[in-house]
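The values are calculated or read from the model by the stated rules, or taken from the named source; none is laboratory data. Remember, predicted model here, so these are calculated numbers, not experimental data. Methodologically, a virtual Cβ is constructed for each residue, glycine included, from the backbone with ideal geometry; neighbour enumeration extends over all protein chains shown. These accessible areas exclude ligands, DNA and RNA; they are computed on the full protein's heavy atoms, side chains included. Shrake-Rupley method; radii C 1.70, N 1.55, O 1.52, S 1.80 Å.
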Amino acid sequence: MTETTDTEKKPPLNGRRALPLNNSNDEENEVPEMEAFGLIPRGFNPKDYLRVVDIHMFKEPHEINKQQHHTDKYYNPKLIIRRGQSFQIQIDFNRPYKPETDQFWLEYLIGRYPQQNKGTYIPILIRDVLKPGEWGAKITHKENNSIRLSIMSSATCIIGKFRLYVAVWTPFGILRTHRNSATDTYILFNPWCQQDAVYLDDESEREEYVLNDVGIVFHGNINEIKLRSWSYGQFEENILDACLFLMDKAELELSGRGNPIKICRVASAVINSRDDNGVIAGSWDNTYTYGVPPSAWTGSVDILLEYYSSKQPVRYGQCWVFAGVFNTFLRCLGIPARLITNYSSAHDNNANLQLDFFLDDEGKVDTKLTKDSVWNYHCWNEAWMTRPDLPVGFGGWQAVDGTPQETSDGMYRCGPASVQAIKHGHVCFQFDAPFVYAEVNSDIVYLRREKNGTQAIENIDTTHIGQLIVTKEVGRDGMMEITEEYKFQEGSEEERLALETAVMYGVKKQTLQDTSYQPQADVDMEFQVQKAVLGSDFKVTITFRNKSRNSYTATTYLSGNIVFYTGVTKNEFKKHSFSAKLEPYSTSTYDVVIKSSEYLSDLLDQASFHFFVTARINETGKILAIQKATVLEIPALRIKTQGEMVAGKEMSVTVEFTNPLKQTLENVTLRLEGPGVLRTMKKEFRQIPTNSTLIWEVKCIPNRPGLRKLIASLNCDALRHVYGELNVQIQKP
């Protein structure tokens, strides 16, 4: 390729590299339409030679290319293909093509400084045979002035939007077609191609992890699992361009964009706004001024489109929002991906595999000293790919996390970390495996600070963290447990071994042998929280089982806290202590009533409580301690449809909600969306009085037939996380 002679276009000189960085898919270079070999004789007329009149890309959703490449759902007029698989185009010349004398080839270019050795300038010559997974083209059909070509792309090709030129050789120079954006071609990852790094061999899994544009987010907590739908919308208008823009924003060199490991790593940083002005600004403090509360979003499309147009972080997100948008990005580019939830997830500030909870003399948790926290749940993503950079056996699902928790190599990002490596404790393999290992494997240690400054261990809970890891079932809306992909059976020999391996590879674990920790073994304590609807009273039942022949008395303390779902306490709303008599060989239960008036005024987003119960056995001085999170039932929205549901015909959708609280709801926002049925709609309501029902009717014209999902959310300061959904079957016209 010749550099343009235009002096203004020349980049500033840089002593380190001959060409500036090529890290924008958006920028272009000028390509000469006549590239002369030397002096051009006076009688030369380009019209005497073979000339391209038209190029047909077969880019309609119903045509061969998008059908064969599984890209017919993208709401995008240009050709979209997957790498490592052949596609068809037709070229019309000004006269019949004569292979003996005519010579032409194709050129694919990407970015401002195309270079052949970087894979950003790709000349494609006409061959007799196509080699699978390598660039090449062959003529499959000739008729009059037209030829039909079958083109094979490389299975390691860069992902992005390429420009196409057809070049014709003449004795005096090369003639090229002019720049025509209608022939631009998007090339994506190909999970259907065996040579692609993201190849997935199961068709039902490809349907779910690449082509499904809605999913389920599991939230709540381990005792009360809740679920809501999320619209990924990876095929919606402008989303593909928005996802390519994220890689430009992250300044990922174009030549690295064929590598899913690199793409996941830079994306996990650019999904959050910390340190790079990325897509979503996180907020965990229950104040969402000048932004949308995280619980109000129903999908990724609005967030990505707003970021693509404003180039400023979108406010606000929490873990499931980061994970939902990340999932859209991965599926849109063709990397198989799923959103997963880890219940009782450890956020261990010093990565020593233990969460230290400090108790004061009364047995209450000392919030000043306690820095670690247990998230009720934490969502991240898994992306499917081979890991040629690791030893054999560590490919497959890789954990990636866009939620900003800790820095990795100086930026807020996490992954990709091999899930298989985490399970076996091989945390030495990049990237960020020790952090993910701690999220699912830490122990909770209750410590008491003695007067002389030493720490006494009161209790250790080895089973609380990472009790349950789940994702959506393939092809259905149920829950699939994947805890065993991350860890061996609690207490098994293999689990012990995996832990020793992790410690050997540098995960810090304090040994507890050197401290005089002897728990009270002959008394068990546990408690149950009654399931309750938001706005009602409920009770906590504490049960003691004395397995010895001794009589004991236990000074028991219950602390009820309103918490963020990250386990961070906002305030203590219930303190209750009592003395329990434990008779020999018997079980005794105690009820503590929690009134709605005690908690309603301070309730946060997710209606989450956290209860600590500590009991000191007076006769031995030993302490029993347990903690549990609980979530109130939040009323749901009801969605109904009326009339027939046919693609291209108007239909009506109604959203209803009844206010269950003993107060009027003010400034209520409703959102409704459904990929392929309607773009996100919003409606504000000033007030909903107690027990009254609001009804919102919307007219829409669905554009895609098949089973679709409508998703709605309601938000106001007093009530968040109110959702509703409905499956609808849209008929073909």
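Calculate the dipole size of segment 339-394 relative to its Cα centre from +1 charges on Lys and Arg beta carbons and -1 charges on Asp and Glu beta carbons; express the result in debye to the nearest 20.
That gives segment 339-394 a dipole magnitude of about 260 debye.
Averaging over all projection directions, find the projected area of the Cα convex hull of segment 34-188 and quote it in nm² with one decimal place.
For segment 34-188, averaging the hull's shadow over all directions gives 9.8 nm².
What order, most packed first, do the peptides 269-276, 383-390, 315-322 have when packing is the mean number of other Cβ atoms within 10 Å of each residue?
315-322, 269-276, 383-390
As a test of the definition: which semi-axes, in Å, follow for the chain when you take the square root of five times each eigenvalue of its alpha carbon gyration tensor? Largest first, please.
Equivalent ellipsoid of the chain: 58, 30, 21 Å, largest first.
Put +1 on the Cβ of each Lys and Arg and -1 on the Cβ of each Asp and Glu in the chain; which of T341, N452, L227 then has its Cα farthest toward the positive end of the dipole?
Of the options given, the answer is L227.
Positive end of the charge dipole of the chain (Lys, Arg +1 and Asp, Glu -1 on Cβ, about the Cα centre): tell me which of L707, H424, T501 has its Cα farthest that way.
Towards the positive end, the residue furthest out is L707.
Hey, any idea what % of segment 523-631's accessible area is carbon plus sulfur with a 1.4 Å probe?
49
Classify segment 17-90 from the C-alpha gyration tensor, please: rounded if a/c falls under 1.5, else prolate or oblate depending on whether a/b exceeds b/c.
In terms of gyration-tensor shape, oblate.
Can you find, among M411, Y290, L468, the residue sitting farthest towards the positive end of the charge dipole of the chain, where Lys and Arg contribute +1 and Asp and Glu -1 at Cβ?
Sorting the options by dipole projection puts first Y290.
Pulled fully out, how much extra length does the chain show between E656 and E28, if you take 0.36 nm times their separation in residues and subtract their Cα-Cα distance?
Full extension of this stretch gives 221.0 nm more.
Rg to Rh ratio, segment 638-730, alpha-carbon atoms and Kirkwood radius?
That ratio equals 1.01.
For segment 34-188, with all protein chains present and a 1.4 Å probe, just round the carbon and sulfur fraction of the accessible area to a whole percent.
50
To the nearest 20 Debye, how big is the dipole of segment 203-505 about its Cα centre, given +1 on the beta carbon of each Lys and Arg and -1 on that of each Asp and Glu?
So the dipole magnitude of segment 203-505 works out to roughly 520 debye.
How high is the FRET efficiency from Q731 to T454, r the C-beta distance, R0 51 Å, rounded to 0.05?
About 0.10, to the nearest 0.05.
In degrees from 0 to 90, rounded to the nearest 10, what is the angle of the helix 301-310 Cα long axis to the longest principal axis of the chain?
Tilt of helix 301-310: around 60 degrees.
Assuming a ≥ b ≥ c are the square roots of the Cα gyration tensor eigenvalues, decide whether segment 523-631 counts as rounded (a/c under 1.5), prolate (otherwise, with a/b larger than b/c) or oblate.
Here segment 523-631 falls in the prolate category.
Would you mind getting the accessible area per residue of the chain, heavy atoms of the protein chains only, 1.4 Å probe, in Å²?
On a per-residue basis, the chain sits at 43 Å².
Take the solvent-accessible surface of the protein heavy atoms, probe 1.4 Å, and return the percent of it on segment 203-505 that carbon and sulfur atoms account for.
Carbon and sulfur together cover 48 percent of it.
Find how many whole Å separate the alpha carbon centroid of segment 17-88 from the alpha carbon centroid of segment 481-507.
Using only Cα atoms, the two centres lie 51 Å from each other.
Tally Lys/Arg at +1 and Asp/Glu at -1 over every other residue whose Cβ is under 14 Å from the Cβ of L707; what's the total?
Net local charge, L707 excluded: +1.
What does the net charge come to around T693 if you take all other residues with beta carbon closer than 12 Å to its beta carbon, with K and R at +1 and D and E at -1?
Counting the neighbours of T693, the net charge comes to 0.
Taking H placed 1.01 Å from N in the peptide plane, check which residues at least 5 places from V722 or on another chain put their amide H under 5 Å from its amide H.
Residues meeting the criterion, in which the H sits 1.01 Å from N, are L714.
State, as an integer percentage, the relative contact order of segment 203-505 based on alpha-carbon contacts under 8 Å between residues 6 or more apart.
Relative contact order for segment 203-505 comes out at 19 percent.
Specify the angular offset, from 0 to 90 degrees and rounded to the nearest 10, of the alpha carbon long axis of helix 260-270 from the longest principal axis of the alpha carbons in the chain.
Helix 260-270 sits roughly 60 degrees off the main axis of the chain.
Within segment 569-583, name every residue whose backbone N is under 15 Å away from a label modeled 7 Å from Cα of T555 along the Cβ vector.
576-581
Between R51 and Y290, what's the calculated FRET efficiency when r is the beta-carbon distance and R0 is 45 Å? Round to 0.05.
Result of the calculation: an efficiency of 0.20.
Given charges of +1 on the Cβ of Lys and Arg and -1 on the Cβ of Asp and Glu, with all other atoms neutral, how large is the dipole of the chain about its Cα centre, in debye to the nearest 20?
1160
Cβ neighbours within 10 Å, averaged per peptide: list 461-468, 682-689, 61-68, 716-723 in order, most packed at the top.
Ranking the peptides 461-468, 682-689, 61-68, 716-723 by packing returns 716-723, 461-468, 61-68, 682-689.
Please give the peptides 188-195, 29-36 ranked by average Cβ packing (other Cβ atoms within 10 Å per residue), highest first, as a rough proxy for protection.
188-195, 29-36
When you have a sec, figure out the Kirkwood radius of segment 203-505 from all distinct Cα pair distances and drop it here in Å to one decimal?
After inverting the pairwise mean of 1/r, the radius is 19.9 Å.
Go through segment 170-175 residue by residue and turn each phi into a ³J(HN,Hα) via Karplus (6.51, -1.76, 1.60, θ = phi - 60°); whole Hz please, and just put x for glycine and proline.
Each residue's phi maps through the Karplus curve to give 10, x, 9, x, 9, 9 Hz.
Please give the contour-minus-distance gain from E666 to L707: 0.36 nm per residue of separation, less the Cα-Cα distance, rounded to one decimal in nm.
The E666-L707 span can extend by a further 11.2 nm.
Over the chain, what relative contact order in percent results from Cα pairs under 8 Å that are six or more residues apart?
Result for the chain is 9 percent.
Tell me the relative contact order for segment 671-721 as a rounded percent, counting alpha carbon contacts under 8 Å between residues six or more apart.
Here the relative contact order equals 48 percent.
Any idea how far the Cα center of segment 388-449 sits from the one of segment 551-624, in Å?
If we compute the Cα centre of each part, the gap is 33 Å.
From Cα coordinates alone, what are the radius of gyration and Dmax values for segment 364-442 in angstrom?
Rg and Dmax of segment 364-442, Cα atoms, are 14.2, 50 Å.
Could you tell me the distance between the Cα centroids of segment 255-326 and segment 98-164, to the nearest Å?
36
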